[in-house]
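Down below is the structure, laid out as structure tokens.
Nothing in this text is a laboratory measurement; each read-out follows from the coordinates by a stated rule. What you see is a predicted model, and the numbers here were worked out from it, not measured in a lab. We place every Cβ from the backbone using ideal geometry, glycine too, and count neighbours over all the protein chains shown.
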Amino acid sequence: MRILLIIKSFSFGGAENHVRDLANFLSNGGHEVHVMAKRGYQNDRLNSDVHFVNIKMTDILLPVYVLFLCWFLRRHRIDVIHAHKRFPIMLACISGWVMKVPVVVTVHGKPWHDIRSPLARKMAGRIIFVSLRTVSQYRHNDEIKHKSEFIQNGVDPDCEPSDRDTFSLCYISRIDRKHYDVLSLIMKNVLPDIVNAFPMVKLHILGDGEYLKELRKEAYLINRNRKREVCVIHGYVPEVKPLIRNSGLVLGVGRVAIEALSCAVPVISLNREFMGQFVSEKNYPFYKDNNFVAAGHLPPDSDTLTSLIRGYLGDPVIYQDEALLLQRRIREDFGMSKIGNAIICVYEGIMASRSRINSKT
């Protein structure tokens, strides 16, 4: 197959990581893969035979991009387009409709943002969701349920257990406003109490974004007051698994949680909207179906989060043993081979449907 993956930027984030891994998986399988995005950190980790098209997408130039994409689809005889995020989804749907090229879209966040346009919902041939709760609660669910798929982001399950730094806490994300709010709460209201009780604790923050500078300022003040490096701001890190392997505890949702559990590292489900508990064998089905987001829970609360982290630091072996049990399930459920093959089946299905339609016209 000749496949075009399209996303707005190719820097740091769960969707960007997924597109990179999917592109590499597809190229390893012998498919001709093109990635269209604004060049970013992920470029260095693409297979050499993946064709990259550097393009900066802005809403105001949508008609221009439609013309360009239509030309591109014809020039490279693309069989299927797979779009991620709002603007690329709209661009792909219009261009695919014009050129009669089937379009698959993945909703990584909120569908009322990514597929808010009625045209996108109508023109997309298949819509992949990474969270069951998201699609079930979407108000346009009846309109799109016949074309909806539930396929979560995959991981490369090559992370072997290693020695842990029990006192290493890790938060990995794009450093945007939402994550900055959470990190600021942790640094100001949680970390001081934790460090007073457990002086060896360090908080490692990995990621890049527009609020990184503000975050560095807060970390500097904390480290100066403590007279040691309590909060370590790494910025962008090309390969996060070595730091994940060395962590005692990871705070996060989605792909970050999956990556951590694939390395047998305990996880607290946490983002700006919801804070849950430690992921365990008992609650794993709930978190698995919700992309490891604590959907329906309360927003982050500094006292509760402090209590959870103190509980872990007081007896880490219990939580590490639980994470080791979950590692096998993560590898079975989220291995890139399983996820990638499921997406290929979607491609093949939508191409077959398109062929039947074309044969009747």
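A few points about this structure:
- In the elastic network of the chain, a GNM with C-alpha springs shorter than 10 Å, the most mobile of 104, 33, 64 is 64.
- Read-out Kirkwood radius over Cα pairs in Å, derived from the coordinates shown; its label in (i) 29.7; (ii) 23.4; (iii) 21.3: (iii)
- With neighbours defined as other Cβ atoms within 10 Å of a residue's Cβ, the residues 274, 150, 12 order from fewest to most as 150, 274, 12.
- Length gained when the stretch residue 143-residue 218 is fully extended (0.36 nm per residue, less Cα-Cα span): 22.4 nm
- Each Lys and Arg contributes +1 and each Asp and Glu -1, all at the Cβ; summed about the Cα centre of the chain, the dipole is approximately 1360 debye.
- Straight Cα distances below 12 angstrom link residue 100 to the aspartates and glutamates 79, with same-chain residues fewer than 8 positions distant left out.
- Fraction of antiparallel bridges per DSSP, the chain only, in percent to nearest 5: 5
- A Gaussian network model of the chain, with springs between Cα atoms under 10 Å, assigns the largest mean-square fluctuation among 337, 307, 168 to 307.
- Listed cross-link partners 8/188; 213/288; 110/217; 188/241 are compared with a 29 Å cut-off, the Cα-Cα value being larger for 8/188; 213/288; 110/217.
- Here is the list for the range 7-84: trypsin sites (Lys or Arg not before Pro) lying in DSSP coil, each with at most 10 other C-beta atoms within 10 angstrom of its C-beta, are 77.
- Spherically averaged projected area of the range 121-243 from its Cα convex hull (nm²): 10.9
- Annotation: for a label point projected 7 angstrom from Cα along Cα→Cβ of residue 246, residues of the range 180-214 with backbone N closer than 19 Å are 199-208.
- Residues whose placed amide H lies under 5 Å from that of residue 52, excluding near-sequence neighbours: 35
- The angle between the Cα long axis of helix 316-334 and the longest principal axis of the Cα atoms of the chain comes to about 10 degrees, rounded to the nearest 10.
- Modelled label positions at residue 200 and residue 75, each set 7 Å beyond Cα in the direction of Cβ, lie 5.8 nm from each other.
- Sorting 90-97, 227-234 by average packing, meaning the other beta carbons within 10 Å per residue, from highest down gives 90-97, 227-234.
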